[in-house]
Each structure stands twice: as C-alpha cells, then as structure tokens.
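Asker: Submitted below is the structure of interest, expressed as structure tokens.
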Amino acid sequence: PEESVTGSFASFIHAARPEHLSQTVRQRSKRMILDSIGVGLVGSTTGVFDIALRYCRELYSSVAVSSVYGKPGLKLSPTLAAFTNGVATHSMDFDDTWHPATHPSGAVLPALLAASQMLPPKTKPSGLEFLLAFNVGLEVQGRLMHFSTEAHDIPKRFHPPSVVGTLGSAAATAKLLSLSSAQCCHALGIAASLAGAPMANAATQAKPLHVGNATRLGLEAALLAARGMEANPLILDDIPGCSGFSAFYSVYHPKALPAPGERHEFLLEKQDIAFKRFPAHLGMHWVVDAALSVRNLFVNYAGSFSPSLIRTIVLKIPVSKYINRPFPSSEHQARHSFQFNACAALLDGDVGLGSFSESSIHRQELRELLDKVVVEHPEDNVANFDKMYGEVALLLHSGDVLTGKCDTFYGHWRKPLSKESLLKKFRSNASHVLPEEKIEAIITLVDNLENLPDSSQL
C-alpha cells in the first residue's frame, strides 16, 4: 500500500507541513475561507437550511459543541454542525467553484470549523494548522478530479462535491486531527463508501444536501479512522475487475501524489478559484455578463430598455441539460436556468439575491421575455468552465441585431475578484445575520489566520 496511489495520498496528507504553503496559496485560500463563511451566513437565512437544521435538532441528541452559521448561541454535535453549515453554504449556489468543476470550500471548511471546536482546549489547532488542513482538503479534491478527463467538463452523472468533496473533507479533517499515514489511508477508503450524489437532483432543495453530506461524511470518515476503522488501502488505485474510486468515473487514470517537499506546488498555486457575484450556477455568470453587455448596447440604441422592440432573444450556450431550463418555476430551477438569468439581467440590469424570489420569478414581463428566447449550441462552445462562453443576441423587429458576448466573467479564475469586491460580497452576505462589529472581526481573524493561536475562535 505504501507504493500505491492511495498510499501516496495518505503519505502526502500525513507529511504536509505549513512551510509547504506558498504565500500565493495562503492568500488565495484565505480569500476562499472568507467568501465561504459569508456565503454560509447568508445561506442560513434560506428555507432549505431551516429544514436541515430542524431535522438535526429534532432527530438527534448529542453533546453540542460546534457552532451553526447565523444562529448565535446554538450548537450541535460536530458532524451535524458540519452538515447544516454545508447545506447553508450551497443553499443558494453562491459558493466558490474550481476547475475541473467542483465546489471545494463548502465541502471542507464546515468540517474543520466543527472539528476545531470539538477538540479539547489544550489540543486546539492553531490558525496555521487550520489553514494547512484546509489546503490539504483542496489538494486532494483537485488531484482526484485530474484523474479523469470526464471531470473537466460540466458534470452529467455525479455532482462533483458529493464525490471528491467527501474525500477532501476526510483528508482535511485527518490532517487537523494529526492522524497517522495508515489512518489517513483508511479515512479516504471510508469516505469513498460514503460519497456520491446524482446530478438529477440539481435545481432542487436536495442539491445543497450534497455539500452538507460531503463535509459531514468526510468528517465522520476521519473520526472513524481515528477510532480504528479500516477500509481498502487501495481505494484510489485502478484495480482491474474491482472498482474503487474509479466507480465514479467512466475514464479513470490515477497518479501518485508526490510527498510534499520544498518544491511541492499546490494546485491552488497554479489554478485560482472562481467567486460568484450572484447566487446561481457558475454557467449563469457568462450569460448574465453577455446579457448586461447587449443591454447597454440596446439602451444606447433605443434610449431605454423596451422589450416590445425585441422579436427574438438568441442564447448561444454549451449543451448542458440540467441548466437549460426554459421556464423555471422555483428559485432552485431559476438558479440553474440560462434563459432565466439572461432575461432577468436584460429586464433589471442586474442579477442579485432578490432576482430569485417567488415574486421576481413569476413576473409577467419576465415570462414574456422568456417566450422570446431561442437556444443555440455552437460546436465551439463546449460544456467546460475553462473554455465555454455566453452570447446573447437581440433580434429586433426593425431587423437590426445587437449582440453581447462573454468569454471570461468578472470573478472567474482568469479574471479574479479584487480584494475590494470580495470584501463587499462578504460584508453584504454576513450583514443578513451579523452586526457590523462581528463582520469586521471575522475579516480580521481570517486575514491573520496564520497567527491565530486557537482556530476555534474563528
């Protein structure tokens, strides 16, 4: 096992040290942590979060030591706190996205926050140890996704955070708990048996459970491994005739993860993260920016936005069945609809939290715009977050055609949010549940995370 792919991952988890984190990795991951907390805080105001929280409070009794987003004074058991906070993080589809496609922070951060509160006072991990564990969880997710070319495209079968996120949570927690290499190996194996959720539940209230379960079950896998539970030590290897982690991918070519050293480069060093400006599926950000661009052209052309002048709205988007939704009827469907987000941006000149309210979704003027939408799938527009584009063309009754196109939206890893934009998003999200002084305290804590003696303060 020590020479296997799985063994190499276990060895990496065990051997990673704070000095292996470059300044770039530290800064990028702290941005992710701050954004994820803000998204979780505003997510604690949603209906699906209330359902998950009520479920945990009514069905389980336990030693309550871990905090819950947006609920001052309320604590749950570590695993249930991780679950509810994971649900909050993904409840609006507002959390960060990586390439290949997954939501990395929401699957890891809630587990680490819960575990840091769980540990006895004299064994609390420092902020630097917390930051290292977070990056170990990211690294494992990224490496696993690179084992299959299938993972590079918008997913069709399994929701990625429910797969790689569960193992990332297990790896991060195993690191925070200082498990042995053998225990780390078993934690990955146990997590693999707890992973996986189908894409058919996208655009429903069940989708946030994918991230909630990933962070909770990864935490449980590490706790079980710490207590002596064992699993297949070759779970990540490609064993002919016996599927391990390869069960989640039709094409699977695993590679060993080198032990961290002076020259080890974390994937976050090479591949930055995408932060969302509004709470919807990442693909929506291309069509919204394209729609806003053509809207500006239209206003310059006509003096104001007048839907009656538009005959047809043509969307040129990649083929992806679960986000091609002509007439969404719920907030979760709307967050996964190219058509809705393009039309909302055209009508309002913006897309934000209020865009997905019931009253906004069912507006007559929005429905009239949706009736004008025609979808095209150009061959060069592939379902890949690193290569796709969004194009919105307005065919006017006059015969004129106005076109807006977006290759890289603001917030994409090729066009990162500025520090000011990220802080603005965090403050806006957190303000729904926290007073200003606590919001600023969190910003300060995350910014100085390496120097925090006790990460449970976070």
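The values are calculated or read from the model by the stated rules, or taken from the named source; none is laboratory data. Everything quoted here is computed from the prediction, not taken from an experiment. All Cβ positions, glycine included, derive from the backbone under ideal geometry; neighbour counts span all protein chains shown. These accessible areas exclude ligands, DNA and RNA; they are computed on the full protein's heavy atoms, side chains included. Shrake-Rupley method; radii C 1.70, N 1.55, O 1.52, S 1.80 Å.
Asker: Restricting attention to segment 409-431, does a residue exist that is in a strand (DSSP E or B), surrounded by 13 or more Cβ atoms within 10 Å (Cβ to Cβ) and touching a strand residue (DSSP E or B) at 6+ places or on another chain (Cβ under 9 Å)?
Answerer: Within segment 409-431, not a single residue is in a strand (DSSP E or B), surrounded by 13 or more Cβ atoms within 10 Å (Cβ to Cβ) and touching a strand residue (DSSP E or B) at 6+ places or on another chain (Cβ under 9 Å).
Asker: Test PRO453 against the stated conditions and say whether it is open to solvent by 40 Å² or more (accessible area, probe 1.4 Å) and more than 19 Å from the chain's Cα centre (by Cα). Give the steps one after another, and end with the answer.
Answerer: Details: open to solvent by 40 Å² or more (accessible area, probe 1.4 Å): yes; more than 19 Å from the chain's Cα centre (by Cα): yes.
When the stated conditions are applied, PRO453 passes them.
Asker: Report, by residue number, each residue of segment 337-363 that is assigned to a helix (DSSP H, G or I), open to solvent by less than 40 Å² (accessible area, probe 1.4 Å), of a type outside the set (Ser, Thr, Tyr) and under 19 Å from HIS281 (Cα atoms). Before the answer, list the steps.
Answerer: To start, the set of residues in segment 337-363 that are assigned to a helix (DSSP H, G or I) comprises 338-348, 353-356, 358-361.
Subset that is open to solvent by less than 40 Å² (accessible area, probe 1.4 Å): 338-347, 355-356, 360-361.
With of a type outside the set (Ser, Thr, Tyr) added as a condition, the list becomes 338-347, 356, 361.
Passing the criteria: PHE338, GLN339, PHE340, ASN341, ALA342, CYS343, ALA344, ALA345, LEU346, PHE356, ILE361.
Asker: Something else now. Please specify each residue of segment 114-134 satisfying the condition of being in a loop (DSSP other than H, G, I, E, B) and either without any contact (Cβ under 8 Å) to a residue 40 or more places away in the chain or open to solvent by 10 Å² or more (accessible area, probe 1.4 Å) (or both). Break it down into steps so the answer makes sense when it comes.
Answerer: Taking segment 114-134 and keeping what is in a loop (DSSP other than H, G, I, E, B), we get 119-120, 124-126.
Across segment 114-134, the qualifying residues are LEU119, PRO120, LYS124, SER126.
Asker: Please verify whether ASP272 is among the acidic types (Asp, Glu), open to solvent by 10 Å² or more (accessible area, probe 1.4 Å), at pLDDT 95 or above and not assigned by the TED database to the domain that holds GLU368, treating the condition exactly as stated. Write out each step before concluding.
Answerer: Details: among the acidic types (Asp, Glu): yes; open to solvent by 10 Å² or more (accessible area, probe 1.4 Å): yes; at pLDDT 95 or above: yes; not assigned by the TED database to the domain that holds GLU368: yes.
Against the criterion (among the acidic types (Asp, Glu), open to solvent by 10 Å² or more (accessible area, probe 1.4 Å), at pLDDT 95 or above and not assigned by the TED database to the domain that holds GLU368), ASP272 qualifies.
Asker: Additional query: Just checking, which of VAL392, VAL382 is more than 24 Å from SER308 (Cβ to Cβ), touching a residue at least 60 places away in the same chain (Cβ under 8 Å) and not small (Gly, Ala, Ser)?
Answerer: Every option except VAL382 fails the conditions.
Asker: When the residues of segment 307-324 are filtered to those that are touching a helix residue (DSSP H, G or I) at 6+ places or on another chain (Cβ under 8 Å) and modelled with pLDDT under 95, which remaining residue is nearest to HIS159 (Cα to Cα)? Give the derivation first.
Answerer: The first filter runs over segment 307-324 and keeps only residues touching a helix residue (DSSP H, G or I) at 6+ places or on another chain (Cβ under 8 Å), leaving 307, 309-310, 313, 315, 317, 322-324.
Okay, now just the ones that are also modelled with pLDDT under 95, so 322-324.
Working: TYR322: 12, ILE323: 13, ASN324: 17 Å.
Once the filter is applied, the top-ranked residue is TYR322.
This table checks each residue for (1) within 30 Å of LEU423 (Cβ to Cβ); (2) outside any loop (DSSP other than H, G, I, E, B); (3) under 25 Å from the mean Cα position of the chain (by Cα).
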site: HIS281; (1), (2), (3): yes, no, yes
site: ASN296; (1), (2), (3): yes, yes, no
site: PHE305; (1), (2), (3): no, no, no
site: SER308; (1), (2), (3): no, yes, no
site: ARG311; (1), (2), (3): no, yes, no
site: VAL314; (1), (2), (3): no, yes, no
site: HIS332; (1), (2), (3): yes, yes, yes
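Asker: Inside segment 364-397, can you point out the residues that are under 30 Å from the mean Cα position of the chain (by Cα), part of a loop (DSSP other than H, G, I, E, B) and either of a type in the set (Asp, Glu) or assigned by the TED database to the domain that holds ASP153 (or both)?
Answerer: Selection gives GLU379, ASP380, ASP386.
Asker: Shifting gears a bit: Just for segment 97-113: of the residues that are of a type outside the set (A, V, I, L, M, F, W, C) and surrounded by 24 or more Cβ atoms within 10 Å (Cβ to Cβ), which one is farthest from LEU34 (Cα to Cα)?
Answerer: Keep residues of segment 97-113 that are of a type outside the set (A, V, I, L, M, F, W, C), which gives 97, 99-100, 102-106, 110.
Pick out the ones that are also surrounded by 24 or more Cβ atoms within 10 Å (Cβ to Cβ) and you get 97, 100, 102-106, 110.
On the way: THR97: 14, PRO100: 22, THR102: 18, HIS103: 15, PRO104: 13, SER105: 10, GLY106: 11, PRO110: 12 Å.
Top of the filtered list is PRO100.
Asker: Then there is this: From the residues in segment 1-25 that are surrounded by fewer than 18 Cβ atoms within 10 Å (Cβ to Cβ) and of a type outside the set (Gly, Ala, Ser), which one is farthest from LEU80 (Cα to Cα)? Break it down into steps so the answer makes sense when it comes.
Answerer: Of all residues in segment 1-25, those surrounded by fewer than 18 Cβ atoms within 10 Å (Cβ to Cβ) come to 1-3, 15, 17-19, 22-24.
Imposing the further condition that a residue be of a type outside the set (Gly, Ala, Ser) reduces the set to 1-3, 17-19, 23-24.
Numbers: PRO1: 33, GLU2: 33, GLU3: 36, ARG17: 29, PRO18: 29, GLU19: 32, GLN23: 33, THR24: 33 Å.
Only one residue fits best here, namely GLU3.
Asker: From the list TYR301, TYR322, which one is outside the structural domain of ALA15 (by the TED database), open to solvent by 50 Å² or more (accessible area, probe 1.4 Å) and assigned to a helix (DSSP H, G or I)?
Answerer: Working: TYR322 fails: open to solvent by 50 Å² or more (accessible area, probe 1.4 Å).
Testing whether each residue is outside the structural domain of ALA15 (by the TED database), open to solvent by 50 Å² or more (accessible area, probe 1.4 Å) and assigned to a helix (DSSP H, G or I) leaves just TYR301.
Asker: Give me a count of the residues in segment 1-36 that are within 27 Å of ALA226 (Cα to Cα) and of a type in the set (Val, Ile, Thr).
Answerer: Qualifying residue count for the region: 4.
Asker: Condition first: closer than 24 Å to ALA334 by Cβ and either in a helix (DSSP H, G or I) or at pLDDT below 95 (or both). Now tell me which residues in segment 86-106 satisfy that.
Answerer: Scanning segment 86-106 gives GLY86, VAL87, ALA88, THR89, HIS90, ALA101, SER105, GLY106.
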